[in-house]
Amino acid sequence: MDSEKLKAIAEVRKKTQAPIVDCQKAIEAANWNIEEAIKNIYKDIRGRGNSDESYGTVCLYTNEFGRVGVMVELSCESGFIAKSREFAKLANTIAVHISWANPLYVDTSHVQSGVDVVLSMDICLLDQKEERESNGEKTIRQLIQDFSSKWGERVTVVRFARFEVGKDGRITL
């Protein structure tokens, strides 16, 4: 086997942590297309997995001055996705967004009845425009949908908490 093929197998192994034999089979089946091989490994693992299990990460973020801290739980369907750099980057992007945008709810289903729908769009994480990665062109919901489409994996923001020095945490509108 030539060195380019070995590098491709190593790249798939690095990104998925799947056994080398599975990486080789997947990349050969994908005609040496690394991204396609990775998707096939994730689909195969998800097909073998228990649907009752949940995977994901809890991302912690504090701003550079240590005055704002965020904890966000992001879930997915497989351990391979949960361990990926791309998933960790998405979780961090969401945590950074929460730190400065200060949403109150994950989405409109969590909003108390009687709150104006337009107001609820401003205070719901998934409906807010993300500024750092997409320059305000996409909402957090769209970033998650893009990730889901790329990796064929359902991703959900389960919950988040935001702490700020000197703030008591009560929600006032």
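So here's what we get for this one:
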| read-out | value |
| --- | --- |
| Positions within segment 1-43 being over 19 Å from GLU86 (Cα atoms) and among the charged types (D, E, K, R), in sequence order | ASP2, GLU4, LYS5, LYS7, ASP22, LYS25, GLU28 |
| Lone qualifier among ALA10, ALA91, ALA18 - being farther than 30 Å from GLY136 by Cβ, touching an Asp or Glu at 6+ places or on another chain (Cβ under 9 Å) and among the aliphatic types (A, V, I, L, M) | ALA18 |
| Elements of type helices (runs of 4 or more DSSP H) contained in segment 1-110, each with 1 or more residues being closer than 14 Å to THR156 by Cα | 79-82, 85-101 |
| Hits in segment 129-173 (condition: surrounded by 18 or more Cβ atoms within 10 Å (Cβ to Cβ), outside any loop (DSSP other than H, G, I, E, B) and modelled with pLDDT of 90 or more) | THR139, ILE140, LEU143, ILE144, PHE147, VAL157, PHE160, ARG162 |
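The values are calculated or read from the model by the stated rules, or taken from the named source; none is laboratory data. Keep in mind the model is a prediction, meaning the values are calculated, not measured. With ideal geometry, Cβ positions are generated from the backbone for all residues, glycine too; neighbour counts draw on all protein chains shown.
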